[in-house]
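Trainee: Input: one structure, supplied below.
The values are calculated or read from the model by the stated rules, or taken from the named source; none is laboratory data. These numbers come from a predicted model, not from an experiment. Please note: Cβ atoms are built from the backbone with ideal geometry, for glycine as well, and neighbour counts cover all protein chains shown.
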């Protein structure tokens, strides 16, 4: 059992104390790659805290890349955990040498975390109580495979209002996050196909595709998105793309390239585009471009999104919009499944969407994240290194790509940051083809889960750790 000392008098929330302790155990080698963590119930009993507290901690660590989950199996240490993959050997384990920075003061520029402090706990609790008192027996029933009809109606209305996507509730499939749904799509479309993915791109998505038996082809990108010629030559019949805010480059795919991809998909009856529209609601500059789904006239786009980025990672609710023939096929072949999302969470989200709480929360979070991003870019540009930094991906999303024009390697930048107890991620981590990595070092900076104080301290520590490279210039 994990040895974690919780301090109720500490102003830091209990779930954050659990997160800090587990991060330390991973960094120090106490927890090993792929090692299973105690169940939520077992750890909550051991720590004498609530299951919700442990669940929140586990979900936050999974969002940051320290843990991964397996359905009905629990949580495990991710082999690619940031502190294992990015910290140099001399700082990854305890040292007898004194350090100038308290190791508990580590700041992580996570690309997958969100601001949990802003979650509307009071509203969610109120709606949860309403659901408990009004639904009662319905909460104990097994939800249908596609998800509760009421939630699919609410999601359809949301998509129509926010993304101009006109889909029926019968086309919407609700599941426990986009990772789970991606596996379902492989089962639905067939594992014998070739699946094209963006390079650089979402590495966990590739692992999910491969774990479901699919053949995955990395397709290079240019300044407009997935290279069409390379896609044509790949032999793929399915392409997974992130046009609204490409991860990790932050690029927004222009309309012309979107039209070209749609033409590729419609050229053969068995081709599909999986449009992962994550972060599309979090656009800060200009109007959002039309989704591939709304542009599609031939029924070859599968739309995917999640509430994990706009609400909380622990709310494992994602959804896909299937073309009518695929929705019918799912009903025929997979209707014996129960939904992977409990009725309780689904009914609560229905109220949250239909009563306008989600729209208000989204507007509040867009303002918060816009201010946070603005401050981050101000700190980057006003620093003595500012003239050597090129910022990409400011228009949308919860991370930036920083091109560093200094005489050093990406690894040296990451290691220098680690010595200052700042965890950042290099762009090369998202490539599977080493020779495709750009020669100029680039760093991916996620900022959503950092407090204003952490953002200030972390950015200054990061940039100051790179100053020695400027002196070599």
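Trainee: Only residues that are under 22 Å from residue 284 (Cα atoms), in a helix (DSSP H, G or I) and touching a helix residue (DSSP H, G or I) at 6+ places or on another chain (Cβ under 6 Å): list them for the range 234-271, please.
Mentor: Applying the first criterion (under 22 Å from residue 284 (Cα atoms)) to the range 234-271 yields 241-258.
In the following step, the residues that additionally are in a helix (DSSP H, G or I) were identified as 255-258.
Within the range 234-271, 258 is the sole residue that qualifies.
Trainee: With 16, 28, 48 as the choices, which residue is within 18 Å of residue 450 (Cα to Cα) and assigned by TED's automatic domain parsing to the domain that holds residue 78?
Mentor: 16
Trainee: Go through the range 14-34 residue by residue and tally those that are out of contact with any helix residue (DSSP H, G or I) (no Cβ under 9 Å at 6 or more places or on another chain) and touching a residue at least 24 places away in the same chain (Cβ under 8 Å).
Mentor: Counting residues in the range 14-34 that are out of contact with any helix residue (DSSP H, G or I) (no Cβ under 9 Å at 6 or more places or on another chain) and touching a residue at least 24 places away in the same chain (Cβ under 8 Å) gives 1.
Trainee: In addition: Kindly evaluate residue 464 against the criterion of being touching a residue at least 40 places away in the same chain (Cβ under 8 Å), within 30 Å of residue 196 (Cβ to Cβ) and either not in a helix (DSSP H, G or I) or not assigned by TED's automatic domain parsing to the domain that holds residue 250 (or both).
Mentor: no
Trainee: For the range 202-230, which residues satisfy the criterion of being assigned to a helix (DSSP H, G or I) and touching a strand residue (DSSP E or B) at 6+ places or on another chain (Cβ under 7 Å)?
Mentor: In the first step, residues of the range 202-230 are kept if they are assigned to a helix (DSSP H, G or I); the result is 203-211, 228-230.
If the condition is that a residue be assigned to a helix (DSSP H, G or I) and touching a strand residue (DSSP E or B) at 6+ places or on another chain (Cβ under 7 Å), then 205, 206, 209, 210, 230 are the ones that fit.
Trainee: Just to verify a result, which residue in the range 49-66, among those that are more than 16 Å from residue 114 (Cβ to Cβ) and in contact (Cβ under 8 Å) with a residue 24 or more places away in the chain, is surrounded by the most Cβ atoms within 10 Å (Cβ to Cβ)?
Mentor: 54
Trainee: Right, another one. With the checklist (1) closer than 19 Å to residue 172 by Cα; (2) surrounded by fewer than 23 Cβ atoms within 10 Å (Cβ to Cβ); (3) under 16 Å from the mean Cα position of the chain (by Cα) in hand, flag the one item residue 275 doesn't pass.
Mentor: Condition (2) is where residue 275 drops out.
Trainee: Looking at this structure, is residue 327 under 26 Å from the mean Cα position of the chain (by Cα) and either assigned to a helix (DSSP H, G or I) or not assigned by TED's automatic domain parsing to the domain that holds residue 297 (or both)? Reasoning before the result, please.
Mentor: On the way: under 26 Å from the mean Cα position of the chain (by Cα): yes; either assigned to a helix (DSSP H, G or I) or not assigned by TED's automatic domain parsing to the domain that holds residue 297 (or both): yes.
Judged against the criteria, residue 327 is a match.
Trainee: Also, quick follow-up: Do we find that residue 374 is in a helix (DSSP H, G or I) and more than 16 Å from residue 312 (Cα to Cα) in this structure?
Mentor: Taking the combined requirement at face value, the residue satisfies it.
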